[in-house]
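Read-outs throughout are calculated quantities, based only on the coordinates presented, and are distinct from any laboratory measurement. As the structure is a computational prediction, the values presented were derived from the model and not from experiment. Methodologically, a virtual Cβ is constructed for each residue, glycine included, from the backbone with ideal geometry; neighbour enumeration extends over all protein chains shown.
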């Protein structure tokens, strides 16, 4: 009687292990199924206190209000953003003497580095400090005046 080569036994053992290990892991990974009430069983309602506790929590934070945002006194004042975000946009900042300067992300101005731009704000960093500078809001007086002119 002829014996199979020793290498084929190793291959057969490796194939069995390769099939058994994933099957075992999948079998153990199944979460237990919840108990489903049978037809005609009485189901207890959720207590009102528990339902109200979850309903009282807020899902989202309030939107950022630029007027209440913390700002550093010496941080650049953002006056405009132009270009295509996020790659080819530039920021315009007001200098201390009243002129403006144009910055691209990665450039610095008075020690502050422009990190990133969004449609309404710019993120500046200086050392470990980070400040988000928002675009100035439209003047309410100008909107009210234009609204009165339209009505007449």
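Numbers for the structure displayed
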{"item": "Spin-label proximity, residue 94 to the range 100-118 - amide N less than 20 Å from point 7 Å beyond Cα toward beta carbon", "result": "100-104, 109-114, 118"}
{"item": "Relative exposure of 36, 90, judged by other C-beta atoms within 10 Å (fewest first)", "result": "36, 90"}
{"item": "Whole-number percent relative contact order across the range 68-129, with pairs defined as alpha carbons under 8 Å at least 6 apart", "result": "25 percent"}
{"item": "Sequence of 26, 78 once ranked by neighbouring C-beta atoms within 10 Å, starting from the fewest", "result": "26, 78"}
{"item": "Label point distance in nm, residue 8-residue 73, each placed 7 Å from Cα along Cα→Cβ", "result": "8.8 nm"}
{"item": "Computed lengthening from residue 18 to residue 85, 0.36 nm per intervening residue step minus Cα-Cα distance", "result": "19.2 nm"}
{"item": "Residue exposure sequence - 79, 11 - by fewest surrounding Cβ within 10 Å", "result": "11, 79"}
